[in-house]
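These notes are about the structure you will find just below.
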Protein chains: 2
Amino acid sequence: MNGGRTIQTKGGVVEILDQTLLPFETTFRRIETAEQMAEAIRVMRVRGAPLIGVAGAFGVALALKSDASDANLARACELLGATRPTAVNLRRRIDELRRELTTVRPAERFTRAYARAQAISDEEATLSRRIGEHGAELIRAAHRRTGRAVNVLTHCNAGWLATVDWGTALAPIYVAHGEGVPVHVWVDETRPRNQGYLTAYELSQERVPHTVIADNTGGHLMQHGRVDLCIVGTDRTTAAGDVCNKVGTYLKALAAHDNGVPFYVAAPESSIDWSISHGREIPIEERGAEELERIRGLDASGQVLEVRLPASAFANFAFDVTPARLVTGLITERGLCPASREGLRSLFPEHAR
Amino acid sequence: MNGGRTIQTKGGVVEILDQTLLPFETTFRRIETAEQMAEAIRVMRVRGAPLIGVAGAFGVALALKSDASDANLARACELLGATRPTAVNLRRRIDELRRELTTVRPAERFTRAYARAQAISDEEATLSRRIGEHGAELIRAAHRRTGRAVNVLTHCNAGWLATVDWGTALAPIYVAHGEGVPVHVWVDETRPRNQGYLTAYELSQERVPHTVIADNTGGHLMQHGRVDLCIVGTDRTTAAGDVCNKVGTYLKALAAHDNGVPFYVAAPESSIDWSISHGREIPIEERGAEELERIRGLDASGQVLEVRLPASAFANFAFDVTPARLVTGLITERGLCPASREGLRSLFPEHAR
């Protein structure tokens, strides 16, 4: 999108858009080693399931630049794969790359890995764009039905910042907006990490009308007919259509269900874990208390400043599971389908067992 | 409780604990006029449905000190009653007082109003204590059933800070804790005003174990059996048991219902609006964007500082309605009852029509 890709390569150098500085500061950060990439994923300089999959692949490539031995390949994959447990994209991209590289002579591994990471990056951007094209029809249809601006509620950030480009949940909004369909986005603040401000930043860049709301607000809006459609992303989707996404997603899905509001999940195939059937099998990342405790904002003079909130004990679960029964449909790069084993099989028959 | 009453009178002077400075600073503020009281209610120096009812009554009394005419009585009641629309306690306390005062000679009005406000204040404290005694049995029973500490989730602040003393939703916790029943409280942060930090402050003062969580977290905790019971307050309860409370309450009630977690609402009779049957009839206050935009915390040197969050458009609805079907029961000063017309009539037969 306007902001450029979130991960860029220039003459063998990998640069990431540092999202811990956003929306205050747009800074690309040079990443030269697997360790630096692991740190960037862990502290969420890069974040979003599709993007950390790509970042992980580049991390493996960087590790091989100086030492392409089996041992170092194994070490790098282990290091990078352990940074964040919930999104399946990360492990999957790393495992796929590792399998491919073991068939390649060490001397060729760096070149192969780097090219592969670039291909994965391009692929994610293409898939995101396709999700946008398929999902846009939901927004067009809502506009045809109501004749007014379509109110879409989203949680967390599943836009171009969470992917290589376009986004998953926001891609349909960008496509529809680009076609001139009037759309307005309710942006959940998404405590504790406030990714809603990343979404607001993105939407501002693309000139899409939007309003930031406290995470508590969506239910009230749905009760009063002020949400036409919910679209969120997913960090891991089970083979039966359960969806694991940013904590709080489940609450919005319950409210949507209770009020007859369609609840869609933008789920690229890279987010689907075909090996599991129940959301309970997905490991839920627990992150540090400091994410709740510390809030960054602007002080009176416009400087970025961090303040600490006053409580002694915090708990910080990063994700929750929305059961398939609450999901109206999945938006994939191959089209829409019901959130069910049958629905997913119809689009991805090669994974039917 | 330990912190003393939230509204105090000393020799004809009214003082309120200024909650906009909490939990950073414990300061009582002298209130000398109805205008000052109206401002205190509007900006939430005093807050919580029971407490603003009492504050409103004192505000009327203060107005009459220098001018006890019918015109000034009407003006003060109008001014104070218009400060916040959702909680029924405020209007009701003011209307009751006004009716009583119109039967009294102007020369006696100030004395009568002041005495009446003090009586209402004492009454609220007594009612809160009774709610605590009735509700404590829910916590005792959960402890008998599980044999471990009872995990109670609460939203917003309905403790002694929201009342004159004891609280509504927190009163059962204080009573049970005082008896030695082990209890742990999940405290919703409650964006945008962060009243969860008031709850954490209160619970710390009373040495009740607790953990602050993002508002997004409760659903995940309930899915994993980590909440035994929800107890929240109410700003207005309909005659049919619908409950209007801090925005986000509805989302927690949905999650409780979906996971078989009992969801109780501490509802003093003063919060019940016998004139309406459906939550949709309750006016929902919309407050300023600055409440979302500005966050107060401590800077690195421990000074209180406000930072601004980066978004251009915010919406801020302060309450939502939880339909009676999602409420397991109401905890009133007369005991527990189902959240229904019949349930309320059984405890308050004088209001049966």
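The values are calculated or read from the model by the stated rules, or taken from the named source; none is laboratory data. Fair warning: this is a prediction, and the values are worked out from it, not measured in the lab. Here the Cβ is made from the backbone with ideal geometry for all residues, glycine too, and neighbour counts use every protein chain on show. To get the accessible areas, we keep the full protein, side chains included, count just its heavy atoms, and leave off ligands, DNA and RNA. Shrake-Rupley method; radii C 1.70, N 1.55, O 1.52, S 1.80 Å.
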Quiz item: Ignoring ligands, DNA and RNA, how do B:246, A:10 rank by accessible area with a 1.4 Å probe, largest first?
Solution: A:10, B:246
Quiz item: For the protein assembly as shown, what does the alpha-carbon gyration tensor say about shape, rounded, prolate or oblate, given a ≥ b ≥ c as the root eigenvalues, a/c under 1.5 as rounded, and a/b over b/c as prolate?
Solution: prolate
Quiz item: What's the center-to-center distance, using Cα atoms, between the range A:308-335 and the range A:24-53 in Å?
Solution: 21 Å
Exercise. Would you mind computing the Rg to Rh ratio of the range B:178-233 from its alpha-carbon coordinates, Kirkwood style for Rh?
Key: 0.97
Quiz item: Hey, how many Å between the Cα centroid of the range A:153-171 and the Cα centroid of the range B:78-153?
Solution: 47 Å
Self-check item: Cut-off under 5 Å, modelled amide H: who pairs with residue B:86 long-range
Solution: B:285
Quiz item: Which whole-number percentage describes the relative contact order of chain B, with Cα contacts under 8 Å and a sequence gap of 6 or more?
Solution: 15 percent
Self-check item: Column: log10 I(q)/I(0), Debye, Cα scatterers of the range B:30-116, q = 0.14, 0.19, 0.20, 0.25 Å⁻¹
Solution: -0.38, -0.71, -0.78, -1.21
Quiz item: Residues with amide H under 5 Å of residue A:272's amide H, sequence separation 5 or more or different chain, H placed in the peptide plane at 1.01 Å from N; which?
Solution: A:237
Quiz item: What accessible area, summed over both chains, is buried at the A-B interface (1.4 Å probe, Å², nearest 100)?
Solution: 4700 Å²
Self-check item: Net charge, residue A:76 excluded, C-beta distance under 15 Å - Lys, Arg +1, Asp, Glu -1
Solution: +1
Quiz prompt | A:27, A:249, reordered so the largest accessible area comes first (probe 1.4 Å) | solution = A:27, A:249
Exercise. Could you please state how large a percent of the accessible area of the range A:177-225 is carbon and sulfur, counting protein chains only and using a 1.4 Å probe?
Key: 48 percent
Quiz item: Classify the range A:130-253: rounded, prolate or oblate, from the alpha-carbon gyration tensor (a ≥ b ≥ c, eigenvalue square roots; a/c under 1.5 rounded; otherwise prolate if a/b is larger than b/c)?
Solution: rounded
Quiz item: For the range A:149-246, what's the relative contact order in percent, using C-alpha pairs closer than 8 Å and at least 6 residues apart?
Solution: 34 percent
Quiz item: For the range B:290-352, which whole-number percentage of the solvent-accessible area (1.4 Å probe, protein heavy atoms only) is attributable to carbon and sulfur atoms?
Solution: 49 percent
Quiz item: Name the trypsin sites (Lys or Arg not before Pro) in the range B:184-227 that are in a loop by DSSP and that have at most 16 other C-beta atoms within 10 Å, would you?
Solution: B:207
Quiz item: If we count every other residue with Cβ under 13 angstrom of residue A:13's Cβ, Lys/Arg +1 and Asp/Glu -1, where does the sum land?
Solution: +2
Self-check item: Cα long-axis angle, helix A:249-259 against chain A (0 to 90 degrees, to the nearest 10)
Solution: 30 degrees
Quiz item: All other residues with a Cβ under 13 Å from the Cβ of residue A:116 taken together, and with Lys, Arg as +1 and Asp, Glu as -1, what is their net charge?
Solution: -2
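Percent relative contact order of the range B:197-250, based on C-alpha pairs within less than 8 angstrom and at least six residues apart?
20 percent
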Quiz prompt | Rounded to whole Hz, the Karplus (6.51, -1.76, 1.60) HN-Hα couplings of the range A:68-82, x for glycine and proline | solution = 9, 5, 4, 5, 6, 4, 4, 4, 5, 5, 5, 4, 6, x, 8
Quiz prompt | Position residue B:275, label points 7 Å along Cα→Cβ, spacing to each other copy in nm (shortest first, one decimal) | solution = 6.4
Quiz item: Given R₀ = 51 Å, FRET efficiency for residue A:67-residue B:312 by Cβ-Cβ distance, to 0.05?
Solution: 0.60
Exercise. Please calculate how many Å² of accessible area the range B:250-353 carries per residue, with a 1.4 Å probe and no DNA, RNA or ligand atoms counted.
Key: 41 Å²
Quiz prompt | Accessible surface, 1.4 Å probe, highest first, among residues B:122, A:70 | solution = A:70, B:122
Self-check item: Förster radius 30 Å - calculated FRET efficiency between residue B:10 and residue B:75 (Cβ-Cβ, nearest 0.05)
Solution: 0.65
